[in-house]
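The values are calculated or read from the model by the stated rules, or taken from the named source; none is laboratory data. Since the model is a prediction, treat every value here as computed from it, not as a measurement. Note that we place each Cβ from the backbone using ideal geometry, even for glycine, and neighbour counts take in every protein chain shown. Just so you know, the surface numbers come from the protein's heavy atoms only, side chains and all, with ligands and any DNA or RNA stripped out. Shrake-Rupley method; radii C 1.70, N 1.55, O 1.52, S 1.80 Å.
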Amino acid sequence: MDYKQLKNDFQTPFYIYDFDKIKERFLNLKDAFKARKSQIFYAVKANSNLSLLQMFAHLDSGFDCVSIGEVKRALKAGAKPYKIIFSGVGKTKEELKLALKYDILYINLESEAEMMLLENVAKELALKARISIRVNPNVDAKTHPYISTGLNENKFGVEIDLARKMYLYAKNSSFLDPVGVHFHIGSQLLDLTPIHEAAKIVAQLTRELKALQIDLKFFDIGGGLGVVYEKQECEPNLYDYAQGILAQLKGLDLTIGMEPGRYLVAQSGEFVCCVLYEKYNKTKRFVVVDGAMNDLIRPSLYEAYHEIVLPYNQGEESKCDIVGGICESGDFFAKARFLPKTQSGDIMIVKNAGAYGFSMSSNYNTRNKVCELALEDGKVRLIRQRESFEDQIALEEKFLRN
């Protein structure tokens with residue numbers, strides 16, 4: 001890829017995503033489950049660019065949404081309502097009302113209180129709400145605490161005993177239709193054992209519910225499949241992943257739902273920025289770049305590792321911190337990383353930035369959000385223009401006093 005030309009055409013910083021690579025990963029995952037009925041629901045929160053969602057819609061993907069805004073994005077991009085599921089802990093009454101009006105596939109419930117709220121909303125609208133309940137199997141996902149979701153100490157889902165109670169209530173409700181069971185134990189999972197363990201626990205619950213004449217149709221295994229950020233890591237094998245799930249579902253005629261996000265898009269994205277200058281003190285070397293934590297917050301938030309390369313620099317390497325211009329000590333892309341000497345204007349690439357990059361970006365320090373590009377069929381195109389200062393203040397300036 002000619003990064004110098006991209007810099008001239010679009011300026012830095014920017015994100016660029018390889019759509020062809022994303023398609024390939026999507027089809028490989030779909031193929032791993034070809035022995036059973038299955039449906040991929042792309043986790044919109046990982047990267048919600050409309051052009052990316054449109055590409056997934058063309059692949060007949062479903063969409064896992066965690067806000068009504070994400071539901072609207074998916075619909076705008078061409079998603080079929082019956083391929084959208086609505087998850088998340090804090091759904092509001094208005095969000096639930098809209099989800100029912102859109103007639104999406106089902107709503108993943110996270111608590112008994114949420115179930116009662118949804119029932120009331122459905123009653124007001126004289127509709128029947130299709131639901132799934134997120135079961136917390138209390139399995140340790142062995143990942144970063146901030147992205148672990150399957151333990152009792154996490155805010156997500158309900159314990160199995162409460163789930164049984166909720167399913168029985170829903171079965172007898174005139175306004176609730178229990179069609180699925182759901183679990184999701186965490187993100188960036190490189191060890192398949194916890195996922196298979198959780199599937200075994202929830203499959204047993206499903207058999208019990210089926211025996212009670214609760215006609216479930218979907219077994220939603222969530223997402224969380226990890227990717228390689230550091231060289232010593234190893235990506236999960238898709239065949240082993242699928243077979244471990246299928247082994248737990250013997251005798252159950254259910255459609256398998258899965259909610260990959262990071263797995264599909266992380267490695268297909270790069271954050272490209274430029275060096276502003278180098279700075280030295282008595283003990284440290286800093287490489288200051290035009291990108292910052294407002295553009296890519298994962299290193300600051302999770303101490304996440306991203307490979308960083310200088311595509312046009314060679315020579316002896318020395319240790320440095322790579323930092324941005326935000327007024328926070330936590331504003332860094334890497335610490336104690338070895339890189340060659342840099343000059344102002346040198347191009348720097350932060351790898352594996354396709355997930356939780358732009359979607360978690362902000363305007364902190366009144367910095368403009370960057371542009372996004374897509375590489376598809378050997379051609380690069382703009383899929384989100386760079387934000388301007390005028391864009392930022394548009395919702396505020398009309399309230400200024402004369």
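Things to note:
Yes/no matrix, rows are residues, columns are (1) open to solvent by 10 Å² or more (accessible area, probe 1.4 Å); (2) part of a strand (DSSP E or B); (3) more than 19 Å from residue 198 (Cα to Cα); (4) touching a Phe, Trp or Tyr at 6+ places or on another chain (Cβ under 6 Å):
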| site | (1), (2), (3), (4) |
| --- | --- |
| 245 | no, no, no, no |
| 250 | yes, no, no, no |
| 257 | no, yes, no, yes |
| 266 | no, no, yes, no |
| 271 | no, yes, yes, yes |
| 276 | yes, yes, yes, no |
| 279 | yes, yes, yes, yes |
| 291 | no, no, yes, no |
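- Of everything in the stretch 29-84 that is open to solvent by less than 60 Å² (accessible area, probe 1.4 Å) and among the acidic types (Asp, Glu), the residue that is nearest to residue 106 (Cα to Cα) is 64.
- Residue pairs whose Cβ atoms lie under 9 Å apart, separated by 6 or more positions or on different chains, with the first residue in the stretch 264-278 and aromatic (Phe, Trp, Tyr) and the second modelled with pLDDT of 95 or more and in a helix (DSSP H, G or I), are 271/358.
- Of the candidates 256, 245, 308, the single residue that is more than 26 Å from residue 362 (Cβ to Cβ) and touching a strand residue (DSSP E or B) at 6+ places or on another chain (Cβ under 6 Å) is 256.
- Enumeration of residues in the stretch 85-141 that are of a type in the set (Gly, Ala, Ser) and touching a residue at least 24 places away in the same chain (Cβ under 8 Å): 87, 99, 111, 122, 129, 132, 141
- Restricting the stretch 10-28 to residues that are within 30 Å of residue 252 (Cβ to Cβ) and touching a helix residue (DSSP H, G or I) at 6+ places or on another chain (Cβ under 7 Å), the residue that is surrounded by the most Cβ atoms within 10 Å (Cβ to Cβ): 26
- Positions within the stretch 101-120 being closer than 22 Å to residue 43 by Cβ and either in contact with a strand residue (DSSP E or B) (Cβ under 6 Å, 6 or more places away or on another chain) or outside any helix (DSSP H, G or I) (or both), in sequence order: 103, 104, 105, 106, 107, 108, 109, 110, 111, 118
- Scanning the stretch 239-274 for residues that are within 16 Å of the chain's Cα centre (by Cα) and not acidic (Asp, Glu) turns up 257, 258, 260, 261, 262, 263, 264, 265, 266, 267, 268, 269.
- Of the strands (runs of 3 or more DSSP E) that lie entirely inside the stretch 306-402, those containing 3 or more residues that are basic (Lys, Arg) and modelled with pLDDT of 95 or more span 379-384.
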